[in-house]
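Chemist: Structure in structure tokens, see below.
Read-outs throughout are calculated quantities, based only on the coordinates presented, and are distinct from any laboratory measurement. Everything numeric here is computed off the predicted structure, so don't read it as measured data. Neighbour counts run over all protein chains shown; Cβ positions are idealised from the backbone, glycine included.
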Amino acid sequence: MHSVIGFKERRYIEELRILTKSIAIDCIVDDGFDRIIYVVKKGDMGLAIGKNGDNIRRMQRVLGKRIEMVEEGVSFDEFVRNIVRPIDVLKTGEDPDTGKKRIVIKKKSDLGIAIGRGGCNAEKVRLLCRRMYNTEVADIVAEGE
């Protein structure tokens, strides 16, 4: 389920533990979008974010990169819902042509948010699903497409 965590990622995970007292399961350094994505243990998300987002702002100052956090899920579907939150995910299914996963969201108006500026949110979904579940994500579509 997990891939090997490198030295840099371990350092960032330890930094999160020291500054926020929360536990990160995994960490991805995404140089393409200049950010660090943490996968936080279920139930530790509030502790990791801090009151009014203070912990995230402090981490951003210390590390000099944008910080994003995702709570782990007990299943693939729950994990995908946590990644794209607050967008409503109807289902995840397999694309019949490619065999990769397809994420179906409820409202077409949320499609832009799900993809993100320059595709940053879609790339976050791909990176995390590949890393945590060894699953490729083909695309994110709205219901009825």
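Chemist: Ignoring everything except DSSP H segments at least 4 long, calculate the 222 nm mean residue ellipticity for the chain; use -39,500 (n - 2.57) per segment, divide by total residues, nearest 500.
Modeler: Details: 6 runs with 57 residues, N = 145.
Calculated at 222 nm, the ellipticity per residue is -11500 deg cm²/dmol.
Chemist: Would you be so kind as to identify which of ILE67, THR20, PHE33 lies farthest towards the positive end of the dipole of segment 7-71, taking Lys and Arg as +1 and Asp and Glu as -1 on Cβ and the Cα centre as origin?
Modeler: Most positive-ward Cα: THR20.
Chemist: If you take the beta carbon distance between ARG130 and ARG57 as r and set R0 to 35 Å, what does 1/(1 + (r/R0)^6) give as a FRET efficiency, to the nearest 0.05?
Modeler: 0.75
Chemist: A follow-up question, please. Given Cα pairs under 8 Å that are at least 6 residues apart, what percent is the relative contact order of segment 7-71? Could the numbers behind the result be given before it?
Modeler: Working: 101 pairs, mean separation 20.1, N = 65.
With pairs under 8 Å counted, the relative contact order is 31 percent.
Chemist: Could I ask something else about it? For the pair ARG85 and ILE115, how long in nm is the line joining their label points, each one 7 Å along Cα→Cβ?
Modeler: 2.5
Chemist: Hey, if you drop one equal point scatterer on each alpha-carbon of segment 7-71 and run the Debye formula without solvent, what base-10 log of I(q)/I(0) do you get at q = 0.26, 0.27 Å⁻¹?
Modeler: Relative scattering, expressed as log10 I(q)/I(0), comes to -1.19, -1.29.
Chemist: Evaluate the charge dipole of the chain about its Cα centre and quote only its size in Debye, nearest 20, assuming +1 on the Cβ of each Lys and Arg and -1 on the Cβ of each Asp and Glu.
Modeler: The dipole magnitude comes to about 600 debye.
Chemist: Compute the length gained on full extension between VAL74 and ARG17: take 0.36 nm times their separation in residues and subtract their Cα-Cα distance, giving the result in nm to one decimal.
Modeler: 18.3 nm
Chemist: Below 8 Å, C-alpha to C-alpha, sequence gap of six or more: please give me the relative contact order for segment 1-127 in percent. The partial results should precede the final answer.
Modeler: Values: 167 pairs, mean separation 18.9, N = 127.
This gives 15 percent for segment 1-127.
Chemist: Still on this structure: So in the chain, what percent of DSSP beta bridges are antiparallel if you round to the nearest 5?
Modeler: Antiparallel bridges: around 50 percent, rounded to the nearest 5.
Chemist: Taking the mean number of other Cβ atoms within 10 Å as a proxy for protection, how do you rank 92-101, 125-134 from highest to lowest?
Modeler: Highest mean packing first, the order is 125-134, 92-101.
Chemist: Give, to the nearest whole percent, the P(r) tail of the chain beyond 19 angstrom, counting all Cα pairs.
Modeler: Every Cα pair in the chain considered, those over 19 Å come to 52 percent.
Chemist: So, in the chain, how many Lys pairs have Cα atoms under 13 Å apart, if the pair is 8 or more places apart or on different chains?
Modeler: Counting lysine pairs in the chain gives 4.
Chemist: Would you list the P(r) distribution for segment 76-142, with all Cα-Cα distances sorted into 10 Å bins from 0 and each bin expressed as a whole %?
Modeler: That works out to 23, 61, 16, in percent per bin.
Chemist: For Cα pairs less than 8 Å apart in space and 6+ apart in sequence, what is the mean separation divided by the residue count of segment 76-142, i.e. the relative contact order in percent?
Modeler: 34
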